[in-house]
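The values are calculated or read from the model by the stated rules, or taken from the named source; none is laboratory data. What you see is a predicted model; the values in this text were computed from it and never measured. Cβ coordinates were reconstructed from backbone atoms using ideal geometry, including for glycine residues, and neighbour counts include every protein chain displayed.
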Amino acid sequence: MDPIGTAPYFISLTAGRSPAGRRLAAIQAATAAGILVAGFALFGRLLLDYLGVSVEALTIAGGFLLLLLGLQMFRGEEMEHAANTNIAMVPLATPLLAGPGAIAAIMVLSGRHPQVIDRLSVIAGVAAVVVVIAIGLLLADQLARLLRPPAISLLTQVLALLLSALAVQLIVEAVTSLVRHGL
């Protein structure tokens, strides 16, 4: 959950929206990411075990989703559809804010603290992070007002490449982990 790293994507994905729409997207994205991460903190291991899915498989799937998003952004497809869809949920809340890395980290942290009071502390930490994310995205909204459309277009292209590289890195790390620890 990285508000600073997500801010440029937020600016690119919300470029065609009104200031009120960007503020709403910031709050919705932070809230949805927090709920998703808190849910995985409490029930993630149960869900993955029930489905027979490893954390590595979840990471690979998340990597592919990020790669698709990066390719869409690079081709300009995401920007065209962003005005008509709720980008606060996908791709901002997940997989950008509450992605495979955040989900895996919160599951490991929760696994180390199985007591109810400890889990409540983890959830309180998630709530604090949600506030920081919301503030970060709202500040990004202020920055977006200063950028001209060509700058946002250039930013989108560069970020699409970086997002695709991040996606490939997630996949590589998960596959490496699977190979090291056996499938």
Checklist entry - Which pairs have Cβ atoms under 9 Å, sit 6 or more apart or on different chains, and link a residue in the stretch 40-51 that is in contact (Cβ under 8 Å) with a residue 60 or more places away in the chain to one that is charged (D, E, K, R) and buried (at least 16 other Cβ atoms within 10 Å of the Cβ)? => result Ala41/Arg119; Leu42/Arg119
Item to check | Every pair of residues 6+ apart whose Cβ atoms lie under 9 Å, when the first sits in the stretch 103-125 and is surrounded by 11 or more Cβ atoms within 10 Å (Cβ to Cβ) while the second is among the basic types (Lys, Arg) and not in a loop (DSSP other than H, G, I, E, B) | outcome: Met107/Arg45; Ser110/Arg45; Ser110/Arg119; Gly111/Arg45; His113/Arg119; Asp118/Arg112
Checklist entry - Just one of the numbered conditions (1) over 17 Å from the mean Cα position of the chain (by Cα); (2) among the aliphatic types (A, V, I, L, M); (3) at pLDDT below 90 is not true of Ala20; which one? => result (3)
Next on the checklist: Against the definition (under 21 Å from Pro8 (Cβ atoms), modelled with pLDDT under 80 and not charged (D, E, K, R)), how does Leu97 come out, yes or no?
Outcome noted: no
Next on the checklist: Out of everything in the stretch 35-68 that is of a type in the set (Phe, Trp, Tyr) and surrounded by fewer than 16 Cβ atoms within 10 Å (Cβ to Cβ), what residue ends up being nearest to Thr6 (Cα to Cα)?
Outcome noted: Phe64
Next on the checklist: Exactly one condition in (1) surrounded by 13 or more Cβ atoms within 10 Å (Cβ to Cβ); (2) within 25 Å of Ala32 (Cα to Cα); (3) among the small types (Gly, Ala, Ser) is false for Ser153; which is it?
Outcome noted: (2)
Checklist outcome for this item: Of the residues in the stretch 7-34, those that are surrounded by 17 or more Cβ atoms within 10 Å (Cβ to Cβ) and hydroxyl-bearing (Ser, Thr, Tyr) come to Tyr9, Ser12, Thr14
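Regarding Ile133, is this residue over 29 Å from Thr176 (Cα atoms), in contact with a Leu (Cβ under 7 Å, 6 or more places away or on another chain), surrounded by 13 or more Cβ atoms within 10 Å (Cβ to Cβ) and of a type in the set (Val, Ile, Thr)?
So Ile133 passes the test.
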